[in-house]
Every structure is written in C-alpha cells, then in structure tokens.
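Undergrad: Shown below is the structure under consideration.
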Amino acid sequence: MRIVITGASGQLGSELKDLLLDNTEKECYFLDRKQLPLDQIQIIQDILGMYQPDLIIHAGAYTAVDKAEEDQVNADLVNHLACEEIAQYCHLHGTRLIAISTDYVFDGSSASALTETAETAPINVYGQTKLAGEQAIQKWSPEAIIIRTSWVYSTYGKNFVKTMCRLMAERDEVGVINDQIGSPTYAKDLAAALLKIADSSKWEAGIYNYSNEGEISWYDFAVAIRDCRSFNCQVKPIPTSAYPTPARRPKYSLLDKSKIKSVFGVEVPHWEVSLAKMLAEEFEN
C-alpha cells in the first residue's frame, strides 16, 4: 500500500510518522507544507500525481483558530479548497481518502454527546472552513472517510498540555476555562485508529467521530496535568466570558464514538490514561 500523509510536521502527522517508520508493508510519503503547499491549490493534484498513492491521509490544516478570523482567505484555501482538490484527485484516480475534521463544526448548544448526524452550525471561521472542506470531500469523493476529532495534543508541536506544563512551572496560579466541555484527543491514539481503519478489510465511507473517552472541561484537564506532573500551582476556574478570544468556541462538543468503535473495532482509551502516557513520554525524552 502506498500512502501519502499530508500535514507531516503537525501533531498527527508526526505521530503517524513514528508509527509507520519501521513498517515494511507500506510505502509512505510524509508531505509537509513545503512539499505540499495546501494554499497553492493549483498544483496540489500535480504533486499528488507524482506519488500515485493508494490512500491519502489528509491531516494538514490551517489550525490557527483565532488568526483565521482575520485571515479568512488563507483559512478557506487550506481547509476548504485544498480538500476539494484532494477529493477531486481521489475521485479521478480511485484513491482512498481519510480526512481529519473537527468538533468546531458544531455550535456547542448540545447537552449530550454529538453523533455524526448532529446538526452542524460552526460559530467561527475555522469551523466554517473545515465544514466547507467536509462538504467538498463528500461531493467529489463520496467514498472518503472523514474523522472529526477534538482538543488534540501530542509530544509534538504546540498544544494545551505543553502550554500548561510550561506555565505551571513558571507561575503560582493559572486561570483555565471551566465552561467549555468536551474530551481531549492524544494524537498518538488517533494515529493508531487511522492505521487500523487503513488496514481494515472493510471500507465504509462517511463521517466518524474520534476523541478519547471521558467528559471534562479545560479546567479539569489542567488540574489533571498539574496533578500528573506534581506542579505546585493553583488552577483557578474561570468562565469563557472572562477570557475573550477573537474566535468563539463551542461550549459543548463532546463526541459520541459509538460508530467508529462498532464499524472498525477501534478501541478508544480514556483521556486520563492517554494523558499519563503522553506526559511520561514527553518528560522521559
């Protein structure tokens, strides 16, 4: 199997690279923004044609949520129009596609875990462009698999866990939002789930949810990080209203993982277990 992974230098791309590094059964090409500039949509299909993949795992994205509010053109190029080009390539060449999307396609008004059929209504530009990307993929490559995920973190890149560790080492107190609810996703767990799908004997197109198990706030997550690392830092709960950002965030975006577990037999670890593993790996290296 010949696989192209986009977003190779990101959190998920880096975890996929680690998992596939010694795999002799797959011919893998990891493309970062230099090798596949997603904002230059006119050359995307030509570049993909150089590799002739059997499968594309599209993990590349414009993920600067707040910056997207003022940089709408580039956010749309990367999250929407690049997806359209990739999906068109897959349609023309019979290539399978797994694309990563986000819980930010929802408005946060739900009171229960969101299934794949829940109504979408993004409240920021990032979410709008990601939803447009989903729709383009489903239009041009209806056989594609789209994975919505949330609150991604890893030993790679910049993320909430690494930021909290840095701040808690420097400060006596940190304030963290306590009224946004969801579940974090350890990128290594998501990468393993993607490879299980890629290796599956069945291929069922459509949208799937994946995050770690459990329901928490960012405040709960921060407290767990502090306790796991034994920081002597007070974590103060604060409402979203006390920490305004350019882009609004959904208040509730917990994802229901029943579908991905039943269709592909994916095992979903609890967020506490995965956080402990990530922190152990981060500070052992």
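Undergrad: Amide H of Ser101: which non-local residues (sequence gap of 5 or more, or other chain) have their own amide H closer than 5 Å, using H built in the peptide plane?
TA: Those qualifying (amide H under 5 Å, at least 5 residues apart or on another chain) are Ile147, Arg148, Thr149.
Undergrad: Moving to a separate point now. I'm a student and want to see the number: the projected area of the Cα convex hull of the range 41-111, averaged over all directions, in nm².
TA: Taking the Cα atoms of the range 41-111, their convex hull projects to 5.9 nm² on average.
Undergrad: Take every DSSP beta bridge with both residues inside the chain and express the antiparallel ones as a percent of the total, to the nearest 5.
TA: Among the beta bridges of the chain, antiparallel pairing accounts for roughly 5 percent.
Undergrad: Bin width 10 Å, origin at 0, all Cα-Cα pairs of the range 1-129: what percent of pairs per bin?
TA: 12, 39, 33, 14, 1
Undergrad: Over the alpha-carbon set of the range 190-233, work out the extent along each principal axis and list the three values in angstrom, largest first.
TA: Largest to smallest, the principal-axis extents are 49, 17, 10 Å.
Undergrad: Computed on alpha carbon atoms, what radius of gyration and Dmax characterise the range 181-285, expressed in Å?
TA: According to the Cα coordinates of the range 181-285, Rg and Dmax are 16.3, 49 Å.
Undergrad: Any idea what diffusion coefficient the range 50-191 gets from Stokes-Einstein, in µm²/s, Kirkwood Rh on alpha carbon pairs, 25 °C, 0.890 mPa s?
TA: 147 µm²/s
Undergrad: Can I get the semi-axes of the chain's equivalent ellipsoid? Compute them from the C-alpha gyration tensor as square roots of 5 times the eigenvalues, in angstrom, largest first.
TA: With the √(5λ) rule applied to the chain, the semi-axes are 30, 21, 18 Å.
Undergrad: Restricting things to alpha carbons, find the Rg to Rh ratio for the range 119-272 using the Kirkwood radius for Rh. Numbers along the way, then the final one.
TA: Values: Rg = 17.2 Å, Rh = 17.2 Å.
Result: Rg/Rh = 1.00.
Undergrad: Given Cα pairs under 8 Å that are at least 6 residues apart, what percent is the relative contact order of the chain?
TA: For the chain, the relative contact order is 21 percent.
Values quoted throughout were computed directly from the atomic coordinates according to the rules given, and no laboratory measurement underlies them. In this text the structure is predicted, and so the values were computed from the model without any measurement.
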